[in-house]
Amino acid sequence: MKIKTKLRLGFGFLFVVILFFGGISLYYMNEISKRSKVILKDNYETLSYTSKMRSILDENVLPLPAKAMATFDEQLRLEGKNVTEAGEGKAVHALKLAYNEMVKPAASLIERQEGLSKVRWQLKTIDELNMNAIVRKNAAAQAAVERAAMYVIFAASLCFLILFSFIVNFPGFVANPLREFADAIREISRKNYKQRLEFKGSDEFAELADSFNVMTAELNKWESSNLAKIQSEKQRIETIIEQMQDAIIGLNEKQEVLFMNKVAAQLMNLEQQDVLGKDAGELRKRNDLLNRVLQENDTDKPMKIYADHKESYFQLERREIMVPNYDDSGDNAMVQTGKAAGQVYILKNITQFKELDEAKTNFIATVSHELKTPISSIKMSLKLMDDERVGSMNAEQKELVQHIREDCGRLLKITSELLDLAQVETGNLQLNFVKSDPRKIAIYAMDAVRFQAEQKAIELDLVSRNNLPQVYVDIEKTAWVLVNFLSNALRYSPEKSKVVVQVIEKGDDIEFSVRDFGKGIEKKYQERLFDKYFQVPTDGNNKSGSGLGLAISKDFIAAEDGHIWVESELGEGSRFCFSLPVVAQVLP
């Protein structure tokens, strides 16, 4: 049976119950009304007739006038037609006989008085009969009312029980299947694809249950195949991680160890099966290397670890594990977002590259050192050639010697920069820290390039105040950085322009800056200016250096706990800056 048919039958049943209760109520109300009408129509009319006849007798004297007699006759006639009670007809007949004696023309006054007494007695008898009937019929009517009320109350109670049972049970006919569907769908949302619904009958709920069961069966089949695929992919990924030569450690969002390959376990001196699923916070308390890996913030700096029976270098990489997250956004559709599910730590063994880099650095340092002596000898020989006592040279020879001198100077600068770079990379950078006036450092650097500035008619301008706080630095290295800034500014500045050197106090730092008014540097090159061997492409008018000056400057300033940066806009020139901390004032 269809749900629509069941609903129609249910509401039709309610309609029948209501009609049944209404019919019973109308029937008993009609009975009460009938009994009430009988009392008013019969008995009360009789009492009315007798009352009028008694009034005629009371208002007139014997013998009665003709008009009074006519009225009395009419009332007596009406009473004769309204006999309803047992004995009332006999009393009416006796009343007529007594009335005839009273109005007989030949009767004496005494006879008339006796007839009057008999008339009054019969009227009293008729009144008593009707009054008793009224009392009796009223009692019967009351009993009928009580009986009708009892039947109506019984019918009302029965209808109430039926309706109450209907109200309690009938909504469950629709609500219970819907609740079962809601519970089943909730189980499906929890990935319980074995959930089934069993509804008997052939209504829409049964059909929907069959469709639901087919859907869950398909979902269960899909989940089983998908789970097998996931398991396969998981084993494949675990195998790949295990075979990798890098040490790999994975943590979930609860900081529990998800995986640790064999290389990582050997490096940490841990057993794989003993750490999987364990809290990394507890493990790091017992393992210093694991603690270093998990708390390492500077991932750019290689970690030195004793491995393979020697000091080895490892580069740490830390990455967040991001997985899709489906959040319920209320009335909106499910929105796919990403959430962090843990971290992966990778230790790449760069020992071989580090050894090659050290070999490269040592080679550069050796070659630079070996080249420095012959280059200095060449410069000395060129200087002797300028002496007229050795011999005079023509103009072309002098021009060639000048070119050789410039190239020797450039080679000597490059070898010096390579030696400084070698010191930085090998960690052998020697700094001589002293307290110094920052203004004097700037003046010292400006004096070093003043001849070069005069050749291009460039004005060197110093913006600084006296009595600046002192800085605790290596004067030579700091001045070297300023000289490098100034040399670059002079190289890229047009003739008869200006280069501004500024030394100011900013908070707890002293800021040094060199500003030129050249063509500026494009944004895409600014981030790489301080990389080793990087050179900004030129138009060929300016001779480029080795690409090491700014990189070495960055290392010098970093070694002095300072910060270095550049500000530049095309067409407005460039401003190279670095800041150094001031010497803390000791209170007496």
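The values are calculated or read from the model by the stated rules, or taken from the named source; none is laboratory data. Everything numeric here is computed off the predicted structure, so don't read it as measured data. Don't worry about glycine lacking a Cβ; one is built from the backbone with ideal geometry, like all the others, and counts go over all protein chains shown.
Only a single criterion out of (1) under 33 Å from the mean Cα position of the chain (by Cα); (2) at pLDDT below 75; (3) among the aliphatic types (A, V, I, L, M) is not satisfied by residue 174, namely (1). Sort out which residues of the stretch 47-85 are in contact (Cβ under 8 Å) with a residue 40 or more places away in the chain, not in a helix (DSSP H, G or I) and not β-branched (Val, Ile, Thr), and write them in order of number. The answer is 62, 63, 82, 85. Considered as a group, the residues in the stretch 89-108 that are in contact with an Asp or Glu (Cβ under 9 Å, 6 or more places away or on another chain) and in a loop (DSSP other than H, G, I, E, B) include one that is surrounded by the fewest Cβ atoms within 10 Å (Cβ to Cβ), and that residue is 104. Residue 503: more than 52 Å from the chain's Cα centre (by Cα), buried (at least 16 other Cβ atoms within 10 Å of the Cβ) and modelled with pLDDT of 90 or more, yes or no? No; evaluated as a whole, the condition is false for this residue. Filtering 453, 457 for residues that are assigned to a loop (DSSP other than H, G, I, E, B) and of a type in the set (Gly, Ala, Ser) leaves a single hit, 457.
The condition (being under 16 Å from residue 559 (Cβ atoms), touching a Ser or Thr at 6+ places or on another chain (Cβ under 9 Å) and either modelled with pLDDT under 90 or part of a helix (DSSP H, G or I) (or both)) is satisfied by just one residue among 473, 481: 481.
Quick one: which of 187, 207 is in a helix (DSSP H, G or I), surrounded by 11 or more Cβ atoms within 10 Å (Cβ to Cβ), at pLDDT below 80 and acidic (Asp, Glu)? Being in a helix (DSSP H, G or I), surrounded by 11 or more Cβ atoms within 10 Å (Cβ to Cβ), at pLDDT below 80 and acidic (Asp, Glu) holds for just one of 187, 207, which is 207.
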